[in-house]
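No lab work stands behind these numbers, since they all come straight from the coordinates. Just so you know, these numbers come straight off a predicted model, no measurement behind them. Quick reminder, even Gly has a Cβ in these numbers, built from the backbone with ideal geometry, and neighbours come from all protein chains shown.
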Amino acid sequence: MIPSESELSSESLSQAPEAKYGERLIESGQLITFPNPRIGRRYEVQIILPEFTCKCPFSGYPDFATIYLTYVPNQKVVELKAIKLYINSYRDRYISHEESINQILDDFVAACDPLEVKIKGDYNPRGNVHTVIEVEHHHPSAQA
């Protein structure tokens with residue numbers, strides 16, 4: 001049974017529940033990097049994030065996607081727990097498919113400055129529409 005407005009005291013209404021430790025970590029979700037252990041060796045890192053979610057900026061409905069991130073490190077490598085928390089920070093954000101993948105690319109390039117990076121967002125179908133967004137970036141020094 002849902003309590004009536006009169007049953008809810010002003011004290012209980014003014015007390016917001018304390019954020020859980022996971023929520024606090026997600027809220028601060030920043031891309032953390034560390035030095036590339038193999039500078040000079042060209043290698044590819046593939047990260048698959050199957051639990052991406054955000055909210056449609058028009059309807060408010062949740063959107064779900066698998067994010068495929070493939071990059072060739074330059075001087076820095078992304079820390080995996082940090083990218084997980086960063087991706088989870090989108091869960092309550094009202095953002096389009098197109099903008100979310102482009103923003104992830106911009107933030108990743110700003111944090112890691114990779115030689116190459118490609119990000120693909122494969123969104124679950126909703127309303128009989130299946131969207132796949134792919135973006136990429138090439139470091140100026142990596143272009144021949």
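Points worth noting:
- Efficiency of FRET from Cβ geometry, R126 and K81, R₀ 41 Å, rounded to 0.05: 0.90
- Between D107 and S59, the distance separating the two model label sites (each 7 Å from Cα on the Cα→Cβ line) works out to 2.4 nm.
- Computed E for S96/R41 - FRET, C-beta separation, R0 41 angstrom, nearest 0.05: 0.65
- For S100, S141, the sequence from fewest to most other C-beta atoms within 10 Å is S141, S100.
- When V72, V117 are arranged by Cβ crowding within 10 Å, least crowded first, meaning fewest neighbours, the order is V72, V117.
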